[in-house]
Every structure is written in C-alpha cells, then in structure tokens.
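Read the structure below first, then the notes.
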Amino acid sequence: MFKQFDWIMPTKIIFGEGRLNEIGKIAAGVGNKAFLVTGKTAMKKLGFTQRVQDYLRSEGIDSILFDQIEPNPSLETANRGAQLAKENDCDVIIALGGGSTMDVAKAVSTVKTYRGSVEDYLGNDKVPGLILPIIAVPSTAGTGSEVTRYAVLTNTAINRKDSLRSEFIIPKVAIVDPELMVSQSPRLTSSTGIDALTHAVEAYTSPQADSFSDIAAAEAIRLVGIYLRRAVWEEENMEARSGMALASTLAGMAICQAGTGAAHGLGMSVGGFFNTEHGTTVGLILPYVMEYNFVANLEKYAKIATLLGEKVDGLSLRKAALKSIEAIVGFIQDIDIPSNLSQIGAKKEMADEIAKDAITQGAMRNNIRRLTSKEIKAIYKKACG
Ligand code: NDP
Ligand code: MN
C-alpha cells in the first residue's frame with residue numbers, strides 16, 4: 001500500500017568538496033548585508049570565518065559577525081543575535097558551524113523578520129510566514145539542520161530544550177562541503193555521526209514515514225554503516241567525510257518529514273537537564289529505545305539490520321529485527337561512544353523529572369510504540385546503567 005503524503009524540500013543543496021568558495025555569489029543573489037552566525041572558536045581558528053568574510057566582501061556583501069554560539073544554545077543567545085541582526089538591518093543570515101549555530105540562525109532570522117522574541121515562536125507552526133533567507137553551512141556531519149524545519153534551543157532558566165518547528169525556517173541554501181568537517185576530532189565525529197544514524201533510524205521507523213522519507217532514511221543508514229567508522233578512525237579520509245556529509249543531510253531530510261522518536265524525546269530532556277552532547281546522548285539511548293520499539297515493525301527493523309551489513313538469511317523475521325539492535329550496539333562500541341548515560345553526567349535519581357519533561361516532547365509522541373511515563377522512566381534508568 002502506498003499512503004498519501006506531502007513532501008517539502010525547499011533547500012537548494014550545494015554539495016561537494018571546496019564548494020564553500022561559492023558562498024559570496026550565492027549570498028549576493030539573495031541579499032546585501034549578511035549576518036554571519038558561528039561558534040566561539042573552531043571556525044575562526046581553522047580560518048573558515050575569515051574565508052567566508054572574504055568571499056562575501058569580494059561580491060560586495062558586508063557582514064556582521066556573531067560568533068557567540070555555545071553547544072546546546074540558549075534562548076538568550078538567540079535573542080541577543082536577533083537584536084544585533086536588527087540593529088544592523090541585515091537581510092541574509094549565514095550559519096557557519098554545527099547544529100547549534102544553524103538553529104540559532106533560524107531563530108535569529110525569524111525574530112529579525114517579525115517581532116517579539118524567540119520565545120514567541122517556540123512550538124508547532126508559530127512562525128507566521130517566510131523569513132529572511134538562510135544560507136546554512138554545516139561543519140559537523142550530524143544534525144542535518146541545514147535541511148530541517150527545526151531549531152532547538154535551551155531555556156536555561158528551567159533546563160528545558162524546546163524548538164521552533166515550521167516549514168518557513170528551512171534554510172534556502174545548504175552548502176554541504178565535507179572539507180569543513182575534516183577538522184572534527186574522532187570524538188566529535190562519532191558523537192555527531194551517531195546523531196545522523198539516530199535520525200535515520202527514528203525517521204525510518206516513524207509512524208509518519210512516507211515513500212520519500214524512507215528512501216532518504218534507508219540510504220543514510222547504509223552510508224553511515226559504510227563510512228562512520230572510517231570517518232572516526234581515519235580523520236583525513238575525504239571519501240568517508242563526504243559519505244557522512246551526505247548521510248547527515250539525507251537523514252535531515254528524513255526527519256524534516258517523518259520526525260524523530262523516543263531516543264530524541266528522551267535525549268532532549270537529558271540534554272536540557274545535564275547539558276550533554278546531543279549526538280552522544282541520543283545515540284547512546286537509541287538501542288534501549290529499539291529494544292522497546294522493534295516489535296512494532298519487525299520488517300523495518302530487519303531492513304535496518306540488512307542496511308548495516310548484518311547477515312539475516314535463514315533467520316526468522318523477529319531474529320532479523322533483533323540483529324539491528326546488535327548492529328547498533330556494536331557500532332557504538334566501535335566508535336567509542338560511552339555505554340551509559342551516567343558516564344556523560346546524567347543522574348539516575350532524576351528519572352521522575354526527566355520523564356515528566358520527556359513526555360511533553362513532540363518526538364516522544366511520534367514514537368512508533370506508545371510510551372507512558374512508566375516506560376520512559378524504565379528506558380532512562382536502563383540507559384543510565
Ligand atoms: P554543535 O553545533 O553543538 O557543536 C559542537 C562543538 O563542535 C562546538 O564546540 C564546536 O566548536 C565544535 N565544532 C563544530 N564544527 C567543528 C569542526 N569542523 N571542527 C572542530 N570542531 C567543530 O554540535 P552539533 O552539530 O552536534 O549540534 C548539536 C545541536 O543541534 C544540539 O543543540 C541539538 O539539539 C541540535 N539539533 C538540531 C536538529 C535540527 O534539525 N535543527 C537536529 C538534531 C540536533 P565551537 O564552539 O568553537 O563552534
Ligand atoms: Mn539529533
């Protein structure tokens with residue numbers, strides 16, 4: 001059976017090594033004064049910030065630099081950025097960095113275009129219409145934020161991660177240049193890479209999955225299976241970096257359409273409370289969620305096993321489906337992701353607070369198998385080790 005679906009992918013994707021040097025021309029096509037959003041250290045140190053400013057200048061585009069983005073960025077940082085973009089009357093927003101940077105850029109563009117503060121746009125479809133164009137340049141292969149309709153921000157006053165969710169915040173252009181990703185340490189590569197895999201698995205098994213999101217998700221799983229280990233352990237391997245860049249963008253397309261599931265629902269809460277690395281957090285939770293979920297769609301979990309290179313010939317469908325969990329547990333070990341949440345700072349005793357927050361996360365409601373607070377607590381405690 002083919003179910004009905006709407007597919008939206010408004011981003012022009014510019015993919016390939018060295019393509020960052022096209023950013024001046026691209027920006028000139030959409031604006032006159034750029035607001036350049038980036039993190040505090042990496043992009044500057046590696047010379048990419050300067051390069052972007054030079055490319056822009058050579059096309060007559062002035063840029064205002066906002067290099068204050070922290071991992072798990074706060075609402076406050078995004079509001080500060082929006083204020084600065086308004087004061088300088090920028091008309092194109094450029095994000096140079098990881099998911100944190102791209103998400104702030106989406107919030108900045110929204111508030112610059114309309115009014116109020118970022119808080120006014122948290123939730124589903126609160127953005128009234130088109131926003132200033134965003135050019136997203138990912139420097140990690142993980143979030144896929146360059147093609148998604150999500151912007152995740154932390155309300156530090158209440159330790160809660162929340163998001164803007166709207167088709168209008170999807171970037172206009174994504175420059176996916178694997179050269180920017182080579183500098184990721186093995187640790188950052190594994191953390192961000194497992195995020196991409198978690199997106200792909202959760203989108204593939206989502207109740208909202210459709211024919212197109214399945215194609216993107218399945219291919220992302222296959223590519224991660226081939227390239228993530230190599231990207232982690234052979235840092236300079238450009239084929240692996242390119243494979244992961246493609247995988248993360250594909251996985252982003254898949255979640256943009258199909259959403260994520262309980263690993264992200266729980267991961268949002270853990271990240272909000274303990275400020276843990278997003279990818280490591282969701283990746284580490286994933287196998288525990290799969291153990292709970294796999295019975296809800298044996299065929300798809302069995303397919304995941306095959307996509308990750310597991311041999312399932314001669315196995316029952318149930319055993320084949322279980323192989324997907326085995327594959328992902330092995331993967332996590334191979335790329336040195338810690339094996340439980342306690343190792344990254346989460347506290348088992350906080351299960352009640354975590355479950356209370358997690359049950360309100362949209363991703364939790366999108367999980368293939370329904371969860372009550374009892375199951376969420378059980379998965380969390382198990383993942384804490
Ligand atoms: P971050 O953007 O948080 O970056 C993590 C760290 O990596 C930063 O300290 C940054 O340095 C450093 N860094 C980035 N790129 C490089 C590089 N090329 N070389 C060396 N260091 C680098 O990480 P993620 O990309 O994993 O983004 C995670 C965020 O994205 C979370 O907030 C998560 O919730 C969100 N997210 C959003 C999604 C969406 O659809 N919008 C989907 C999934 C997750 P520096 O600080 O110097 O910049
Ligand atoms: Mn994620």
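Compute the length gained on full extension between Lys12 and Glu326: take 0.36 nm times their separation in residues and subtract their Cα-Cα distance, giving the result in nm to one decimal. Show your work: numbers first, answer last.
Values: separation 314, 0.36 × 314 = 113.04 nm, distance 3.66 nm.
Full extension of this stretch gives 109.4 nm more.
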Point to revise | Ranked packing of 348-358, 276-286, 216-226, most packed first, by mean Cβ within 10 Å | key: 276-286, 216-226, 348-358
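Hey, what D do you get for the stretch 12-181 in µm²/s if you plug the Kirkwood alpha-carbon radius into Stokes-Einstein at 37 °C and 0.692 mPa s?
Translational D for this selection: 213 µm²/s.
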Point to revise | Residues listed by number, the stretch 43-78, amide nitrogen under 17 Å from Glu235 label point at 7 Å toward C-beta | key: 43-48
Check your understanding: For the chain, what proportion of DSSP beta bridges, expressed in % and rounded to the nearest 5, is antiparallel?
Key -> 20
Check your understanding: Taking Cα centroids, how far is the stretch 1-36 from the stretch 49-66 in Å?
Key -> 18
Point to revise | Cut-off 16 Å, label 7 Å out along Cα→Cβ of Lys25, residues of the stretch 44-61 by amide N | key: 55-61
Exercise for review: Place +1 on the Cβ of every Lys and Arg and -1 on the Cβ of every Asp and Glu in the stretch 186-384, take the dipole about the Cα centre, and give the residue among Thr249, Phe273, Ile215 whose Cα lies farthest towards its positive end.
Suggested key: Phe273
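Extension gain Asn124-Ser339, at 0.36 nm per residue separation less the Cα-Cα distance, in nm?
Extra length from Asn124 to Ser339 when fully extended: 74.1 nm.
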Review point. Once the Cβ-Cβ distance between Lys86 and Glu353 is put in as r, and R0 is 41 Å, what FRET efficiency do you end up with, to the nearest 0.05?
Key: 0.70
Exercise for review: For Lys172, Lys377, give the ranking by accessible area with the largest first, probe 1.4 Å.
Suggested key: Lys172, Lys377
Revision key, fill the gap. Ignoring ligands and nucleic acids, His199 exposes an accessible area, probe 1.4 Å, in Å² to the nearest 10, of 10
Check your understanding: Taking the simple approach of a point 7 Å from Cα along Cα-to-Cβ for both Glu59 and Asn32, what is their distance in nm?
Key -> 1.6
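Rounded to the nearest 500, what is the 222 nm mean residue ellipticity of the chain from helices alone, with -39500 (n - 2.57) per DSSP H run of 4+ residues and division by all residues?
Dividing the helical sum by the residues of the chain leaves -15500 deg cm²/dmol.
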Point to revise | Nearest-20 debye value, the chain charge dipole, Cβ charges on Lys, Arg, Asp, Glu | key: 740
Point to revise | the stretch 186-384: relative contact order as a whole-number percent, Cα under 8 Å and 6+ apart | key: 27
Review point. If a helix is a whole DSSP H run, which ones in the chain reach 24 Å or further along their own axis (Cα) and hold a mean Kyte-Doolittle hydropathy of at least -1.0?
Key: 186-204, 211-233, 238-258, 317-334
Review point. What share of the DSSP beta bridges in the stretch 12-181 is antiparallel, in percent to the nearest 5?
Key: 20
**Study point:** Computed FRET value (nearest 0.05) for Phe5 with Thr372, which takes r as the C-beta separation and R₀ as 25 Å
**Key:** 0.30
Point to revise | Unit charges at the beta carbon, dipole of the stretch 67-158: most positive-side option, Gly116, Gly98, Ser74 | key: Gly116
Check your understanding: Hey, got the Cα dimensions of the stretch 186-384 along the principal axes, in Å, largest first?
Key -> 43, 37, 30
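From the C-alpha coordinates alone, can you work out the Kirkwood hydrodynamic radius of the chain, in Å?
On the way: mean 1/r = 0.0486 Å⁻¹.
Computed over the chain, the radius equals 20.6 Å.
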Review point. Which of the listed residues, Ser339, Val224, Pro186, is farthest toward the dipole's positive end in the chain, when Lys, Arg count +1 and Asp, Glu count -1 at the beta-carbon?
Key: Ser339
**Study point:** Hull-based mean projected area of the stretch 279-385, where the convex hull spans the alpha carbons, in square nanometres
**Key:** 6.8
Review point. If you take the C-alpha gyration tensor of the stretch 1-108, multiply each eigenvalue by 5 and take the square root, what semi-axes do you get, largest first, in whole Å?
Key: 24, 19, 15
Point to revise | Charge dipole magnitude, Cβ of K and R +1, D and E -1 - the stretch 214-265, Cα centre, debye nearest 20 | key: 100
Point to revise | Proximal lysines to Lys33, defined as alpha-carbon separation beneath 26 angstrom and excluding residues fewer than eight positions away on the same chain | key: Lys12, Lys25, Lys44, Lys45, Lys86, Lys106, Lys112, Lys172
Exercise for review: Using Cα positions and a limit of under 29 Å, work out the lysines in reach of Lys347, with same-chain residues fewer than 8 apart set aside.
Suggested key: Lys40, Lys161, Lys356, Lys374, Lys377, Lys381, Lys382
**Study point:** lysines with Cα under 18 Å of Lys300, excluding same-chain neighbours fewer than 8 positions away
**Key:** Lys3, Lys311, Lys319, Lys323
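The values are calculated or read from the model by the stated rules, or taken from the named source; none is laboratory data. On a predicted model such as this, the values are computed, not experimentally measured, just so you know. Virtual Cβ from ideal backbone geometry, glycine too; neighbours counted across all protein chains shown. The protein model used for the area step is the full one, side chains on, heavy atoms only, and it has no ligands, DNA or RNA in it. Shrake-Rupley method; radii C 1.70, N 1.55, O 1.52, S 1.80 Å.
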